[in-house]
Amino acid sequence: MKIIRHILSTGLVILSVLLVSSCQKLTEINENPNEASTTHPQALLTKVEWETFRTWHGTTPLYILKMIVQTDGENANQLYNWQRGSFEQYQQLRNVTKMMEEAEKINETSYLALGKFFRAYYFYNLTLFFGDIPYSEALQGELSGIYQPQYDSQEDVFKGILSELEEAVSILHDNPNLFQGDIIYGGNPEKWIRLIHSFRLKVLMTLSNKEQNPAFNVSEQFAQIYTNEPLMGSPEDDGQLHFVDQQDVRYPEFNSSGYGSGMYMDSTFIKRLQDHQDPRLFVIATQTRLGKEAGAALDDFSAYEGGDPIAPYAQVNDKAVAGRLSKVHDRYTDDPTCEPLVLMGYAEQQFLLAEAAVRGWIDGDAKELYTEGVKASFAFYSTYAKNLSSFVSEDKVAAYLAQTNVDLDAAVSKDAKLERIMMQKYLRSFHQGGYSSYFDHLRTGYPTLRKAANVRVAYRWMYPQAEYNQNAQHVGTAIQRQFNGNDNIHSKTWWLD
């Protein structure tokens, strides 16, 4: 582990140079197909990993998941009133494509395998965001001159994602040698195989509403992976990006202006942590000013309070001025290394397995799998919330799991058990996992998220305006096929039907 940490640290330092020195060259390569390139795929891998593992970090998911509120203006994400999304991830996919091209030139198949994984990861997120997207013809501009790609159906995109993930692990099995440029696992193919199989479980569980679709055989595929393939065995296997205290490679929220005077904790999130007597509250949020002035202990649940996400922001601001709102814990902005960003981790894997056991897809012990997920969630903060580990120690998690409203066996129905699993995934997702808990909410109904009576559920983002300008025919066909010509945020896409 020490060796891997050293590689991570060294790789990130090198990356700070690569991000500056190679960016212009990569742009020239992508824009000029006649210019020869000698870029080694290991340099591109470092850049791809750096971008991919930070893709969904930021405050937008926190507003959507009712974890933070805005008090100095109306926030569209907080109110489920967003409109157009972005195809920015296609720009990041260009570097994945270039890495795979360079790997083919020198027959370095490990980079091809990771390229397939990163493609699957990006396309998975893009299709959940929008529905039908360019897939089979995407990123073909340089090689095939396709600058206006057609849109594939969401069903076909998911088929391609699962196929590419299978191909990725097959390639890594055939070439088990260490490779360079990997700032996540130090070039260890076995670790990547475990992560990719775990991510396959995530994709398959996303399709739980399609369990009866014979084209996917969702539950059978899930059980086959669980029974026969290597999975993450502990939090040591987490796929996570570490940060170091050097320029350009620090934690993204370090010294962030985004955590200004207008951002506070959402009462939804605070109350759920309080209702569960969940000590993770003390490593995520600060006490209210009134609680602190009263001398309340840091582990006094009553000293924490959030703002109502559906109340007028001026009203919530009055509560903040009165000293009755908690802010995001200052470790997120004061600690340059804070905590790693987890793309796929052991805790999420165990929650996926617990859900599968409850659904009857696998023979595993749902409570044991769920318990392991909760313990791993606490262990993450015990490791990385510096000087706060006493709040989330092993004895604290044992007491937490013994509570009636946490114990999985205390939930008598299938739906009640699923609700508890989704809740634990949600409580683990502060600044981790991007929009995953929102997609869980759309898929299962859990956890419930506070909305005003006149607010409709948002199931997707509208296509970018640039697509209307540059690829009008194909985006128009996709909108007509899915939504009868009405590109809106309130229409379900195939995966939710």
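The values are calculated or read from the model by the stated rules, or taken from the named source; none is laboratory data. Model, not experiment: these values are computed from the prediction. With ideal geometry, Cβ positions are generated from the backbone for all residues, glycine too; neighbour counts draw on all protein chains shown. Ligands, DNA and RNA are stripped out before the accessible areas are found, and what is left, the full protein with its side chains, is counted by its heavy atoms. Shrake-Rupley method; radii C 1.70, N 1.55, O 1.52, S 1.80 Å.
Rounded to the nearest 5, what % of DSSP beta bridges with both residues in the chain are antiparallel? The partial results should precede the final answer.
Values: 8 of 10 bridges.
Antiparallel: roughly 80 percent of the beta bridges in the chain.
Helix 2-21 and the longest principal axis of the C-alpha atoms of the chain enclose an angle of approximately 70°. One entry in [x] 69, 55, 48; [y] 72, 61, 39; [z] 79, 75, 53 is Cα extents along the principal axes in Å calculated from the shown coordinates; its label is [x].
Principal-axis analysis of the Cα atoms of the chain puts helix 366-384 at an angle of about 90° to the longest axis. Estimated from helices alone, the mean residue ellipticity of the chain at 222 nm is -16000 deg cm²/dmol (sum of -39500 (n - 2.57) over DSSP H runs with n ≥ 4, per residue). Angle, helix 154-174 long axis vs. longest principal axis of the chain, Cα atoms, 0 to 90°, nearest 10? It is inclined by approximately 80 degrees.
Maximal additional length on extending the Asn177-Asp415 stretch stands at 81.2 nm, based on 0.36 nm per residue less the C-alpha distance. One decimal place: the segment Tyr147-Thr477 gains 117.2 nm when fully extended, by the rule 0.36 nm per residue minus the C-alpha distance. Taking only protein heavy atoms and a 1.4 Å probe, the accessible area of the chain is 46% carbon and sulfur. Note on Glu236 and Glu368: with the Förster distance fixed at 25 Å, the Cβ-Cβ geometry gives a FRET efficiency of about 0.85. Per residue, the accessible area of the range 66-163 comes to 36 Å², computed with a 1.4 Å probe over protein heavy atoms only. Please work out whether the range 257-334 counts as rounded, prolate or oblate from its C-alpha gyration tensor, where a ≥ b ≥ c are the square roots of the eigenvalues and a/c under 1.5 means rounded, while otherwise a/b larger than b/c means prolate and anything else oblate? Rounded is the answer for the range 257-334, as its axis ratio a/c remains below 1.5.
Relative contact order of the chain, taken over Cα pairs closer than 8 Å and 6 or more residues apart, is 20 percent. Solvent exposure of the range 371-497 amounts to 44 Å² per residue of accessible area, where only protein heavy atoms count and the probe is 1.4 Å.
With 0.36 nm allotted per residue and the present C-alpha distance subtracted, the Asp248-Ala311 stretch has 18.9 nm of extension available. Shown here for the range 452-497: trypsin sites (Lys or Arg not before Pro) in loop regions (DSSP other than H, G, I, E, B) with at most 15 other Cβ atoms within 10 Å, namely Arg456, Lys492.
With every protein chain kept in place and ligands, DNA and RNA left out, what is the accessible area per residue of the range 257-334? Probe 1.4 Å, answer in Å².
Details: 3340 Å² over 78 residues.
Per residue, the range 257-334 has an accessible area of 43 Å².
Each label point was placed 7 Å from the Cα along the Cα-to-Cβ direction; for Glu293 and Val457 their separation is 4.3 nm. Cross-link reach is defined here as a Cα-Cα straight distance under 20 Å, omitting same-chain residues fewer than 8 places apart; for Lys292 the lysines meeting it are Lys271, Lys319, Lys327. Seen from Asp237, the other residues with C-beta closer than 13 Å to its C-beta sum to a net charge of -3, counting Lys and Arg as +1 and Asp and Glu as -1. Accessible surface ranking for Trp192, Trp494, 1.4 angstrom probe, highest first: Trp494, Trp192.
Applying both filters, DSSP loop and at most 16 other Cβ atoms within 10 Å, to the trypsin sites (Lys or Arg not before Pro) of the range 356-401 gives Lys386. Of all segments of the chain bounded by GluC sites (Glu not before Pro) found in a DSSP loop with no more than 16 other C-beta atoms within 10 Å, the longest spans 212-497. Seen from Lys396, the other residues with C-beta closer than 14 Å to its C-beta sum to a net charge of -2, counting Lys and Arg as +1 and Asp and Glu as -1. Surface calculation, 1.4 Å probe, protein heavy atoms: Val169 sits at approximately 10 Å² accessible. Quick one: which of Lys159/Lys191; Lys159/Lys210; Lys159/Lys202; Lys375/Lys396; Lys116/Lys202 span more than 19 angstrom between C-alpha atoms? As for pairs spanning more than 19 Å Cα to Cα, those are Lys159/Lys191.
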